[in-house]
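The values are calculated or read from the model by the stated rules, or taken from the named source; none is laboratory data. Keep in mind that this is a model prediction, so the values were computed, not measured. With ideal geometry, Cβ positions are generated from the backbone for all residues, glycine too; neighbour counts draw on all protein chains shown. These accessible areas exclude ligands, DNA and RNA; they are computed on the full protein's heavy atoms, side chains included. Shrake-Rupley method; radii C 1.70, N 1.55, O 1.52, S 1.80 Å.
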Amino acid sequence: MNETVPSARVALSWPREKLLMGLSPREYLSTLVTPFNFVAGLILLVGLPVIAYRFAFGLGAATNLTQVNPWGLWIGLDVLSGVALAAGGYVLACTVHIFGLKQYYPVLRPAILTGLLGYFFVVIGLMVDLGRPWRIPYPVIYSYGVTSVMFLVAWHVFLYLTVQFVEFCPAVLEWLGWSQVRRWALKLTIAATAFGVILSTLHQSALGALFLMAPTKLHPLWYSPFLPIFFFISSIIAGLSMVIVESMLSHKIFHDQVGPGEDVDLDAITLGLGKAASVVLFTYFFLKLLGVADGGHWHLLTTSLGHWFLVEMLVFVLLPTFLFAHGVREGSATFVRGTAVLTVVGIVVNRLNVSLVAFNWNAAERYIPSWMEIVTSITIIAIGLLTFRWVVNRMPVLREYREDQGVREFTGERRAR
Amino acid sequence: MMPHDLPTMYSAKAVEYLIAVAFLLLFIPFWRFVDRERVTAPVAVTTARRWLGQVVDWFAVPSDLYFHPGHAWARVDGGDVVTVGMDDFAQKLVGGVSAIALPEVGARVRQGERGWSLVYDSKSVDMLSPVDGTVVAVNEQAAGSPRPSGRDVYGDGWLLKVKAPRLAANTKQLLSGPVAKRWMEGVCDALRARMSPDLGLVYQDGGLPVEGMARDLDPANWDEIARAFFLT
């Protein structure tokens with residue numbers, strides 16, 4: 001039964017309602033004084049001028065990149081690691097919508113947001129890295145270059161970013177209170193999810209395929225014809241681990257966003273994801289062994305880079321395999337979360353190894369990132385975190401949305417259930 | 001040009017097959033190790049938990065609501081607007097009242113201070129607001145015909161909609177989920193202690209609590225009983 005309830009128009013402006021979370025500008029500013037914001041502010045204070053310097057004076061002035069080493073920290077960390085760690089979106093979408101494991105639904109929307117922002121800041125990182133960033137839409141609208149793997153990467157990132165935005169659209173529309181449009185967006189979400197999973201499998205592997213073009217430049221222990229498969233499988237591990245880490249941090253930091261009765265059994269979800277990560281890591285370890293065996297490069301394991309390869313394999317692949325398994329067996333979500341952090345570090349190490357450490361390993365000129373490259377990378381990550389927090393504080397990402405009780409009461413007209 | 005000669009290729013393939021077979025063989029014990037969770041709750045504990053989950057006593061305590069110890073509930077509707085009402089216990093304790101005096105739209109309410117009053121028989125009992133904020137809507141239908149019979153106190157029996165800017169701080173002071181259920185069990189114990197023998201068939205005997213229990217307990221001083229439970 002519906003009944004019209006008399007109510008008064010509340011004198012809160014749209015920006016105050018939606019952007020300042022109902023607080024006055026002064027109240028809002030006072031909530032910003034936190035240690036985290038202080039550190040983030042310092043990073044931006046140093047980082048933004050550095051980025052401006054890079055655009056004003058070019059790559060040569062700001063980076064240690066050369067013709068021999070055209071890809072540096074920004075590609076290794078912001079792009080390759082960023083894409084891998086943003087895989088939580090497609091991994092969880094596939095788990096919930098395609099495999100039908102609905103118990104993981106509570107962590108789906110934060111995972112999609114992590115994925116969307118991850119990809120968005122990958123593009124930002126890429127813009128900083130490109131010599132002529134204004135040409136970034138070229139592969140999509142002007143000069144396709146269909147014979148290049150870059151064509152594949154550019155289109156995948158472009159399409160997947162669009163798809164992720166469509167997947168996340170319901171949350172934006174819920175925030176805006178546009179329930180009619182939201183219903184349409186929800187219908188699109190199902191198609192977007194299916195399309196997104198296909199795109200992800202293709203382009204995670206496409207990033208690995210990029211390095212197939214440089215067989216002589218990449219150290220034989222890391223180079224393998226299976227690189228696309230390695231990148232794809234390890235992205236599943238990255239996605240699962242990142243969802244565990246992100247949900248742990250979100251539920252700690254944004255605890256007040258979760259309403260009563262919306263408390264999910266996060267421990268059970270964490271254990272489930274940990275079990276999956278353990279099995280995929282186990283498989284990935286054997287695939288990597290196959291890679292070494294296929295090249296017949298066992299003897300290189302005794303070299304210094306070989307030792308580093310062993311560290312990657314044993315500390316960041318085999319160890320978390322058994323730590324995840326142990327945590328799941330003991331029912332310890334905390335143990336699984338700690339292991340997920342180790343695994344996330346391991347994924348970053350792998351991507352940096354492929355793109356920096358083992359790349360041009362035999363060249364006389366070795367690349368070491370400049371301080372401005374490091375600061376830029378940290379700044380982009382910090383802006384990503386701030387954006388994530390901004391969105392979660394305003395949109396229903398962790399909290400449930402109820403259509404019949406939306407946010408329309410501020411407009412004066414309200415229908416009560 | 002292929003770097004392998006034929007025998008090297010064969011040996012490399014042989015190693016690859018061995019790795020594949022080793023994977024399949026090792027996967028079996030590995031899966032057994034992962035899949036067998038050592039920690040399983042004892043049967044008795046599990047049964048007790050299931051039984052406790054079903055016990056809601058006689059008063060509905062929905063898990064998706066926040067409760068104030070003064071028997072008001074709050075539900076976050078989205079943003080910082082909160083729907084507020086009196087809980088099932090309060091409704092059954094007081095029963096039918098002649099009016100509910102609600103604040104006007106635009107009025108300020110504060111957590112733990114008077115939110116509205118129940119009026120019956122020339123007596124008035126205050127109830128406390130569960131949140132701070134500005135009243136943006138009142139349920140005039142509930143206020144105008146406050147007869148509780150058939151009214152869902154958590155649905156169409158809501159009383160106020162409050163815009164609560166300090167929602168995060170407010171909700172930390174409220175009870176929800178299992179904590180709210182344990183609190184309600186304590187409230188029921190307190191009610192049992194007040195029961196008089198001539199109350200008739202009530203829930204101690206397996207019956208349902210009657211609406212207006214406070215008036216049945218003490219017709220002259222029902223308002224004092226209500227105040228004791230409503231903390232006013």
Taking only region A:198-219 into account, find how many residues are surrounded by fewer than 21 Cβ atoms within 10 Å (Cβ to Cβ) and part of a loop (DSSP other than H, G, I, E, B). 4
Breaking point among (1) open to solvent by 10 Å² or more (accessible area, probe 1.4 Å); (2) within 12 Å of another protein chain (Cβ to nearest Cβ); (3) modelled with pLDDT of 90 or more; (4) touching a helix residue (DSSP H, G or I) at 6+ places or on another chain (Cβ under 7 Å), for A:Phe322: (4)
Wholly inside region B:112-204, helices (runs of 4 or more DSSP H) that include 1 or more residues that are open to solvent by less than 50 Å² (accessible area, probe 1.4 Å) and modelled with pLDDT of 80 or more are B:167-172, B:177-194
Kindly indicate which of B:Ala74, B:Ala90, B:Ala101 is open to solvent by 20 Å² or more (accessible area, probe 1.4 Å), within 19 Å of B:Leu231 (Cβ to Cβ) and among the hydrophobic types (A, V, I, L, M, F, W, C). B:Ala101
Tell me yes or no: at least one residue of region A:226-237 is open to solvent by 10 Å² or more (accessible area, probe 1.4 Å), more than 28 Å from A:Val107 (Cα to Cα) and touching a helix residue (DSSP H, G or I) at 6+ places or on another chain (Cβ under 6 Å). yes
Kindly establish whether A:Gly100 is open to solvent by less than 10 Å² (accessible area, probe 1.4 Å) and modelled with pLDDT under 90. no
For region A:378-387, check the following and say yes or no: at least one residue is surrounded by 16 or more Cβ atoms within 10 Å (Cβ to Cβ), of a type in the set (S, T, N, Q) and more than 14 Å from every other protein chain (Cβ to nearest Cβ). yes
